[in-house]
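Chemist: Okay, handing you the structure first.
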Amino acid sequence: MSATSITQAINTLQSNILQHVHHRALLQNVGQPTLQQEQLFFIQFPFLNETPMNDEQMKSAVAVGVVHASLLEHENVKETESTSKQQQLTVLSGDYYSGRYYQILAHTGNIALIQKLSQGIVERCEHQVRIYEQSHTLEDWIDSLTVIESKLIEQFYVVYNFTTYIELMKQSLTVIRLQKELNTLQQGQSGFLYKAFLLDGQAFSRDALIEALQQQIQQRNEQLQELLNNTKIDEELKQTIAQLIAI
Amino acid sequence: MEKMKLKMLYADIKSDIEIIENELEQALNSSSHILNNASIYLLQGGGKRIRPVFVLLSAKFGDYNIERMKNIAVPLELIHMGSLVHDDVIDDSDMRRGRETVKSQYNNRVAMYTGNFIFGKALQYVTDIEDPRVHRILAETMVELVNGEVIQIEDKFRLDQHLKDYFRRIKRKTALLIESSCELGAVVSGADEKTIRHLKRYGYFVGMSFQIVDDILDFTATDKQLGKPAGSDLLQGNVTLPILLMKDDPMLAPYLEKVASHGLTEQERLEMLALVRKSTAIKEATKISNLYLQKALREVEALPNHPMKKKLRDIALYMGKRKS
C-alpha cells in the first residue's frame, strides 16, 4: 500500500459519491456536498488494509458517504434568512441525498445495510439534538461527538464483519473532531462543545474549555497510539492516520 | 364534521388503523426527550392517515395480514410526517393544522434533526420487509418527492408556467406518495400484477384530485378551516391551478405583481381572495379535479370483485369533494 494509492482510493470514492448525488438545480444553488477526507478514508480503511473493495462494496461505501453528506448538509440550515432559496434548497439537498442513499442500496438489494444505516441515523440524530438538552458533562458531549462522527461507519463495518477496526476508527475520528473543536475555539469561534455549554448555561470559560480539550486530546491520542501498536495495520495507513490527526 | 365522515369511511379497518396508530407511537420512541416530545406532539396533531388507509385497503386485494402490512403502512406515514417537519422549515411556517410547528416550538435545527430521526425510523421499520422491489419503489418515491419540492421552489412566482408544469409538480409532491401507498399495499400483500397496476393508477388519480382540491381550498376555505391564512400558497409564491387558470385576468394582475415584489397587505389579500372566489377558475379547477376522480373510479371498476371496492370508491369521492 503506497501513499498514492491511498489518496487515489479517497479520490475515487469522492468522485463516485459526487456522481451519485449529482442534481442540476441543487448543484447550481447549493453547490457540491461536503465530503470530509477523514470520513472518506475511514469508510475504506479495512478494505485498504485487507482486500480491495469489489463493485458491490464500493456502492455500499458510496451510500455511507452519501448519508454522511446528507446529515452534514442539514448542519448548514440557519435560524435566520429562513425563506431564502439557498436555505430552502439546503434542506432539500440533505433530503435528496438521504433518498439517494436508500435508492443506491435498494438497487443493490443490501437491506442489511439500509437497516444498520437507518439505525445509525436515528442514533446520530439523538446525539445531535443533545446540544439543546441540558445537564451533560464534557465526557457526555464528547461521547455525542464520537457517535456523530463514527456511528455510520461503525454500522458499515458491522455489516461487512470488520468489527475489529471499530475501536480504532472511533478513537481516530473522535481525536480528529476534538482537534477541530480546539482549532475553532482557538480562532475565537464556537464549535459544538462551546455551544453546548453555552446553551446548557454552564459556566465553562473559553480558556477552561481549551485546556480541558487539550487534556482530552492528549489522553485519547495516547490510547490511539496504543491501539495502533496493537493492531496489524499497514505502515502507510498508520502514516495517513497520523496526518489526519495532525490537522 | 369532515373528520366524522372520514371515521365512518374507515370503519371497516378501524381496529387496524388503531394498531397503526400505536405502532407509530412506538416507532417514534426515542432516548432523547426533545425528539420524543416533538414526535408525540406531531402524532397528537393527528392527520387523516390517508396513506396507511390506502395501504390497508389495497392490501385487502391480496393476502391481508396486519402484522405484515404495518411494516409498510407505518413507514409511509412516517415519511409523510418527516417531510412535513422539513417543509415547515422550507416555508418558515409557524403553524400547521392550527398547531405550532416543530421549528416554531424549538428551532430550524431541531426540526431538521426531528425530520431526519423520523426518516431514519421509517427506514428501520421497512427493513423488516426483505423484498427488494418494495425498497426500490419506496426509495424512488422518496427521491421523486424531493424532486417535486425542488421544482416547486424553482417554479415559485413563475407565471409563465404551463398547466403541465403544475401537473408534473403535484404528481411528485402529492400523488406519488398516495400512488406508492396503494402499490406497496398491493405488492406487500402479494396481489397479482394486474391488480397492483390498477391500484397504483387509482392512487395516482386520487392523489392528483386530492392536491387540486387542496389547492382550491387554499382559496375557498376560511382561515379557521385551514388553520392558516387563506391564499397562503400564493403568498409564498406557489402558483397553483386556480391562479394558472386566471393568470391572464387583468383584475388579478396587480395582485400577482405585488405578491412577487413585496407581498400583499391584509386588505389586498382579502380582495384577491374575493376575486379568485367569484372567478370561473374555481369551477374549472373543480372540473379538472373531477376528471381525475372519474379516472380513479374507472380503475376501481377494473379491480376484481371485492367488498373493499366500495370503500375505495367512497374514499376517492370523499377526498375529491371534501370541504376542508
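None of the figures in this text is laboratory data; all of them are computed from the coordinates on show. Predicted model only: the values in this text are computed from it and were never measured. Note: ideal-geometry Cβ built from the backbone for every residue, glycine included; neighbour counts use all protein chains shown.
Chemist: Quick check: convex hull over the Cα atoms of segment A:89-147, volume per residue in Å³, rounded to an integer? Walk me through the intermediate numbers first.
Modeler: Details: hull volume 4.9 nm³, N = 59.
Enclosed volume per residue, from the Cα hull, is 82 Å³.
Chemist: Another question about this same structure. How many angstrom lie between the C-alpha centres of segment A:13-29 and segment A:196-247?
Modeler: For segment A:13-29 versus segment A:196-247, the Cα centre distance is 32 Å.
Chemist: Taking the Cα centre of segment A:3-245 as the origin, how large is its charge dipole in debye, to the nearest 20, when only Lys and Arg (+1) and Asp and Glu (-1) carry charge on their Cβ atoms?
Modeler: Values: 17 positive and 27 negative charges, 132 e Å.
It works out to roughly 640 debye.
Chemist: Also: Using the number of other C-beta atoms within 10 angstrom as an exposure proxy, rank B:His80, A:His20, B:His86 with the fewest first. Don't skip to the answer; put the middle values down first.
Modeler: Details: B:His80 21, A:His20 18, B:His86 27.
Lowest count first: A:His20, B:His80, B:His86.
Chemist: So, one more: What GluC sites (Glu not before Pro) in segment B:122-215 are in a loop by DSSP, with at most 13 other Cβ atoms within 10 Å of the Cβ?
Modeler: Details: sites: B:Glu130, B:Glu140, B:Glu144, B:Glu149, B:Glu154, B:Glu179, B:Glu183, B:Glu193; in loops: B:Glu130.
When the GluC sites (Glu not before Pro) of segment B:122-215 are filtered for loop state and at most 13 Cβ neighbours within 10 Å, B:Glu130 remain.
Chemist: By the scheme Lys and Arg +1, Asp and Glu -1, what is the net charge of all other residues having a beta-carbon under 12 Å from that of B:Asn290?
Modeler: Numbers: positive: B:Lys283, B:Lys287, B:Lys295, B:Lys321; negative: B:Glu284.
Spelling it out: positives minus negatives among the neighbours equals +3.
Chemist: Along the charge dipole of chain B, pointing to its positive end and built from +1/-1 on Cβ of Lys, Arg, Asp and Glu, which listed residue (B:Ser289, B:Leu24, B:Asn37) has its Cα farthest out?
Modeler: So the residue we want is B:Ser289.
Chemist: Counting only C-alpha contacts under 8 Å and six or more residues apart, can you give the relative contact order of chain A as a whole percent?
Modeler: Relative contact order of chain A: 20 percent.
Chemist: Continuing with this model, one more query. Mind checking which aspartates and glutamates have their Cα closer than 17 Å to the Cα of B:Lys287? Skip sequence neighbours fewer than 8 apart in that chain.
Modeler: Excluding near neighbours in sequence, the set is B:Asp214, B:Asp215, B:Asp218.
Chemist: Once phi is turned into θ = phi - 60°, what whole-Hz ³J(HN,Hα) does the Karplus curve with 6.51, -1.76 and 1.60 give for every residue of segment B:84-91, x standing for Gly and Pro?
Modeler: Computed from phi, the couplings for segment B:84-91 are 5, 4, 6, 4, 5, 6, 4, 8 Hz.
Chemist: Need one word for segment B:6-159: rounded, prolate or oblate. Basis is the Cα gyration tensor (sqrt eigenvalues a ≥ b ≥ c); a/c below 1.5 gives rounded, then a/b vs b/c decides.
Modeler: Prolate.
Chemist: Using only helices, what value at 222 nm comes out for the protein assembly as shown when you add -39,500 (n - 2.57) per DSSP H run of length 4 or more and divide by the total residues, to the nearest 500 deg cm²/dmol?
Modeler: Rounded to the nearest 500, it is -24000 deg cm²/dmol.
Chemist: Right, here's the next one. For a test of the definition: using alpha carbon positions, the gyration tensor, and the 1.5 limit on a/c, classify segment A:3-245 as rounded, prolate or oblate. Walk me through the intermediate numbers first.
Modeler: On the way: a/c = 1.76, a/b = 1.09, b/c = 1.61.
It is oblate, given that a/c is not under 1.5 and a/b is not larger than b/c.
Chemist: With Rg and the Kirkwood Rh both taken from Cα atoms, where does Rg over Rh land for segment B:186-324?
Modeler: Details: Rg = 18.3 Å, Rh = 16.6 Å.
Reported Rg/Rh (Cα atoms, Kirkwood Rh): 1.10.
Chemist: Where in segment A:223-247 does the label zone of A:Gln186 land, with the point 7 angstrom along Cα→C-beta and an amide N cut-off under 16 Å?
Modeler: Taking a point 7 Å out along Cα→Cβ of A:Gln186, the residues of segment A:223-247 whose backbone N falls under 16 Å are A:243-247.
Chemist: A follow-up question, please. From the backbone phi of segment A:118-126, what are the Karplus-calculated ³J(HN,Hα) couplings (6.51 cos²θ - 1.76 cosθ + 1.60, θ = phi - 60°) in whole Hz, Gly and Pro given as x?
Modeler: Using θ = phi - 60°, the values come out as 5, 4, x, 4, 4, 5, 4, 4, 4 Hz.
Chemist: Report, to two decimal places, the Cα Rg of the protein assembly as shown normalised by 2.2 N^0.38 Å (N = number of residues). Display every interim value, and only then the final one.
Modeler: On the way: Rg = 25.4 Å, N = 571, 2.2 N^0.38 = 24.5 Å.
So the Cα radius of gyration is 1.03 times the expected 2.2 N^0.38 Å.
Chemist: For segment B:150-251, what class follows from the C-alpha gyration tensor (a ≥ b ≥ c being the square roots of its eigenvalues): rounded when a/c is under 1.5, otherwise prolate if a/b is larger than b/c, else oblate? Walk me through the numbers on the way to the answer.
Modeler: Values: a/c = 2.82, a/b = 1.98, b/c = 1.42.
Here segment B:150-251 falls in the prolate category.
Chemist: For B:Ile137, what charge total do you get from the other residues with a beta carbon under 11 Å from its beta carbon, if Lys and Arg give +1 and Asp and Glu give -1? Numbers along the way, then the final one.
Modeler: Working: positive: B:Arg133, B:Arg136, B:Lys200; negative: B:Asp131, B:Glu140, B:Glu144, B:Glu179, B:Glu183.
Counting the neighbours of B:Ile137, the net charge comes to -2.
Chemist: For a quick check: with amide H placed at 1.01 Å from N, whose amide H comes under 5 Å from B:Met95's, ignoring anything fewer than 5 positions away on the same chain?
Modeler: So B:Met95 has HN proximity to B:Thr101.
Chemist: Roughly how many debye, to the nearest 20, is the charge dipole of the protein assembly as shown about its Cα centre, given +1 on each Lys and Arg Cβ, -1 on each Asp and Glu Cβ, and no other charges?
Modeler: On the way: 65 positive and 72 negative charges, 518 e Å.
The calculated dipole for the protein assembly as shown is roughly 2480 debye.
Chemist: Over 20 Å between Cα atoms: which of B:Lys283/B:Lys321; B:Lys156/B:Lys247; A:Lys78/A:Lys151; B:Lys14/B:Lys311 fall into that group?
Modeler: Correct reply: A:Lys78/A:Lys151.
Chemist: Next question, about the same structure. Once you have the alpha carbon radius of gyration of chain B, what is it after dividing by 2.2 N^0.38 Å, with N set to its residue count?
Modeler: Values: Rg = 19.6 Å, N = 324, 2.2 N^0.38 = 19.8 Å.
In units of the globular-protein estimate, chain B measures up at 0.99.
Chemist: For a label point 7 Å from the Cα of B:Leu291 along Cα→C-beta, name the residues of segment B:138-168 whose backbone N is under 14 Å from it.
Modeler: Within reach of a label on B:Leu291: B:163-168.
Chemist: Moving to a separate point now. Kindly write out, for segment A:179-193 in residue order, the coupling ³J(HN,Hα) from the Karplus curve 6.51 cos²θ - 1.76 cosθ + 1.60 (θ = phi - 60°), rounded to whole Hz, with x marking Gly and Pro.
Modeler: 5, 5, 4, 5, 4, 4, 4, 5, 8, x, 9, 10, x, 4, 5
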